[in-house]
Every structure is written in C-alpha cells, then in structure tokens.
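The values are calculated or read from the model by the stated rules, or taken from the named source; none is laboratory data. Please read all numbers here as calculations on a predicted model, not as lab measurements. Here Cβ is always computed from backbone atoms with ideal geometry, including for glycine, and neighbour counts include all displayed protein chains. Each accessible area value is taken on the protein alone, full model and side chains, heavy atoms only, with ligands, DNA and RNA left out. Shrake-Rupley method; radii C 1.70, N 1.55, O 1.52, S 1.80 Å.
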Protein chains: 2
Amino acid sequence: MKVRILVSFKDSVLDPQGQTVKNALHTLGYGAVSEVRQGKVFEIDLEGVSRKDAESLVPEISRRVLANPIIEKFDWEILKGR
Amino acid sequence: MKVRILVSFKDSVLDPQGQTVKNALHTLGYGAVSEVRQGKVFEIDLEGVSRKDAESLVPEISRRVLANPIIEKFDWEILKGR
C-alpha cells in the first residue's frame, strides 16, 4: 500500500518559507499570488498492511515522527492498495 | 482559487531525507515501511485567475520557482475555485 502524508504549519503559525516564496513570485511579476503556504509531503510504501491497520498506523507515524503536533497539522490519503 | 503543488525528486534521484526518515521509522519498530520519499508541498491562493489561466500559470511558476526541473518533478491540482 502506498500512502501520501501532507504536513504543514497550523494556520495560526507563521510560515516564513511560504512568505519568501510569495515575495519571490511577486518580484517575478506574479501579482495574482495572494498567499503561499509551504509544507512537506511524504510518500510511504507499507508492506503487508491492511487499510484498517493503516488507519491507525499512519496517524501514529505522522504524530511521532513526521510532524510536530505543537505547530504542524497533517493530512493523509491512500494512493494505492487495498 | 486555491491550488496545491507537490514537488518531489524524480524517481531516478536519490532522496537522502526520505532514506533518513525510513531508517528512523525502522529504528522505532515500524518495519512495514519499505520506502519513503520526501518532497515539498505548496498551497497557493491565486486572485482573479480563471481555471484556464491557472493551467498555464501554475506549471510556469512550478518550473521557474518551486521546482528544479533537472532533478525534481511536480504535480498540481485545484483545491477550490472555478
């Protein structure tokens, strides 16, 4: 099974990387860009894991390793597999 | 309109961050994890941009600013908006 996990700052947390990208885009003339938030994406292959197991395993991995729950939120989806 | 752009290394490019995360997960006992690839995600608000305009604007921004086309690939989707 392959899953995708998106980790990004909570909305209440400043995102200096995203701000820098927004400023760069404005400098290049892309004035239509009004907001940029940057985060991380993880694509993980899981072997011998059922959909039911993934529903507890993936949030656990995300909270323990991939995201800092104090300042970050995560979202995940199954890309392929049972 | 809000769009999401995923940027990750091409499959042929080594991903040391992903490898490090995989090793950390194995150390913590998550042996079911067989592969981890890490990338970046950008969520961008575009003002006054039609769906048709976005279909040329977003790939242009991605190639020029968000991704390094030599070693990275990108994928994007519209999250909300016309």
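Restricting to segment B:1-28, name every residue that is among the β-branched types (Val, Ile, Thr), out of contact with any strand residue (DSSP E or B) (no Cβ under 7 Å at 6 or more places or on another chain) and under 20 Å from A:Ala54 (Cα atoms).
B:Thr27
Please tell me if A:Gly31 is without any contact (Cβ under 8 Å) to a residue 12 or more places away in the chain, under 30 Å from B:Asp53 (Cβ atoms), of a type outside the set (Val, Ile, Thr) and open to solvent by 40 Å² or more (accessible area, probe 1.4 Å).
Judged against the criteria, A:Gly31 is a match.
Of the conditions (1) within 22 Å of A:Phe74 (Cβ to Cβ); (2) open to solvent by 70 Å² or more (accessible area, probe 1.4 Å); (3) under 15 Å from the mean Cα position of the chain (by Cα); (4) not basic (Lys, Arg), B:Ser8 fails just one. Which one is it?
(2)
Out of all the residues in segment A:45-73, which are in a loop (DSSP other than H, G, I, E, B), facing another protein chain (nearest Cβ under 9 Å) and either in contact with a helix residue (DSSP H, G or I) (Cβ under 6 Å, 6 or more places away or on another chain) or surrounded by fewer than 17 Cβ atoms within 10 Å (Cβ to Cβ) (or both)?
Passing the criteria: A:Glu47, A:Gly48.
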